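To keep things clear, I will list the structure first and then write my remarks on it.
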Amino acid sequence: MKPPVFRFAPSPNGLLHLGHAYSALLNFDRARETGGRLLLRIEDIDATRCRPEFETAIYEDLAWLGIAWETPVRRQSEHLAEYRAALEKLAALGLVYPAFESRAEIAKLVAAREADGPWRRDPDGAPLYPGDAKSLLASERSRLIDTGAPYALRLDMAAACRRVAGLTWIELGEGPDGERGMVAARPEAWGDVILARKETPTSYHLAVVVDDALQGVSEIVRGQDLFHATSVHRLLQVLLGLPEPVYRHHLLIRDANRRKLSKSSQAMGLRELRAAGATPAAICQLVGLGQVSLGVSQTPP
Ligand code: GLU
């Protein structure tokens, strides 16, 4: 039997904090416990926010924590052709359409719709795509593309869901409402998600699904903030004919005000904690993990 494959997949758009340390340590421990492999993936498709110095800091901070990963590290920015190929596969199924509205135009459309009552929001709280680019005539689409106008390539969620029924995943961790075991996916809750943009042949959802499959990741250990996104990931996996990993979503480390940590939560930054004298063992303690076996129970403070 092949050993299980795990991955830690940070974006180099800031310094790592305690929440990243928790996720990386859980992955590392699961790999050790199961005789599995641990991969590190640098999710750097957003060229405007990612910086090489943050990538260097990721390597340094993980090594300082005592985490070991396989090399070479996969960097998403080096694999755009693979994402483009997946996008073309979805387009060939008739599931992708260009939408030309700018962010400001979308906000206006949402405001107009909300004048008639509440407009649906996705599990992250963002309004669903309110436009009607899906029904543009092919000639109008070509004309707009020829003008050089920017666009987002969106998934026709209704059509995608018609192709895939009864979608589920195996949750070994826990969702925000205690979901575990066989979980029913609800990709329709996300509306017509963006799969790519004119200048970038992928979005987070598409890249993560393609990479996890290409890298043979079999158990995805990540924060509960991505629990609902798993519905979209499962849908894309089925549409693209990719294998199904199991998922283990873990609790999020929160600050004293119960807020999720962000890249700007300086007080919980690994660099700050280290400068203040914290040792890797102290970091393990802080996130509620013993130094040796982390097991399945997750009780971060
Ligand atoms: N790159 C994502 C992040 O830093 C994680 C992606 C994932 O684990 O699926 O939040």
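The values are calculated or read from the model by the stated rules, or taken from the named source; none is laboratory data. Source: prediction; values computed, not measured. No Cβ is skipped: glycine too gets one built from the backbone with ideal geometry, and neighbour counts run over all protein chains shown. Just the protein is used for accessible areas: all its heavy atoms, side chains included, with ligands, DNA and RNA removed. Shrake-Rupley method; radii C 1.70, N 1.55, O 1.52, S 1.80 Å.
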Go through the range 31-47 and count every residue that is within 11 Å of the ligand (Cβ to nearest atom) and either crowded, with 18+ Cβ neighbours inside 10 Å or hydroxyl-bearing (Ser, Thr, Tyr) (or both). 5
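On the given criteria, is PHE28 within 14 Å of the ligand (Cβ to nearest atom), modelled with pLDDT of 95 or more and aromatic (Phe, Trp, Tyr)?
Taking the combined requirement at face value, the residue does not satisfy it.
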Does GLY117 satisfy the criteria of being within 16 Å of the ligand (Cβ to nearest atom) and open to solvent by less than 30 Å² (accessible area, probe 1.4 Å)? no
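Report whether or not ALA86 is more than 12 Å from the ligand (Cβ to nearest atom), surrounded by 20 or more Cβ atoms within 10 Å (Cβ to Cβ) and part of a helix (DSSP H, G or I).
Judged against the criteria, ALA86 is a match.
Table: residues versus (1) within 16 Å of the ligand (Cβ to nearest atom); (2) touching a Ser or Thr at 6+ places or on another chain (Cβ under 8 Å); (3) in a helix (DSSP H, G or I).
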site	(1), (2), (3)
ALA149	no, no, no
ARG154	no, no, no
ALA158	no, no, yes
GLY178	no, no, no
THR202	yes, no, no
VAL210	yes, yes, yes
GLY216	yes, no, no
HIS233	yes, no, yes
Consider ALA81 carefully, then state whether it is under 20 Å from LEU153 (Cβ atoms), more than 16 Å from the ligand (Cβ to nearest atom) and either open to solvent by 20 Å² or more (accessible area, probe 1.4 Å) or assigned to a helix (DSSP H, G or I) (or both). yes
So which residues in the range 218-231 are away from the ligand (no atom under 11 Å from the Cβ) and open to solvent by 30 Å² or more (accessible area, probe 1.4 Å)? SER218, HIS228
Residue hits (the range 29-46; in a helix (DSSP H, G or I) and either over 20 Å from LEU214 (Cα atoms) or touching a helix residue (DSSP H, G or I) at 6+ places or on another chain (Cβ under 6 Å) (or both)) are ASP29, ARG30, ARG32, GLU33, THR34
Subset of the range 230-263 (residues that are in contact with a Phe, Trp or Tyr (Cβ under 8 Å, 6 or more places away or on another chain) and within 30 Å of LEU87 (Cα to Cα)): THR230, SER231, VAL232, ARG234, GLU244, VAL246, TYR247, HIS249, HIS250
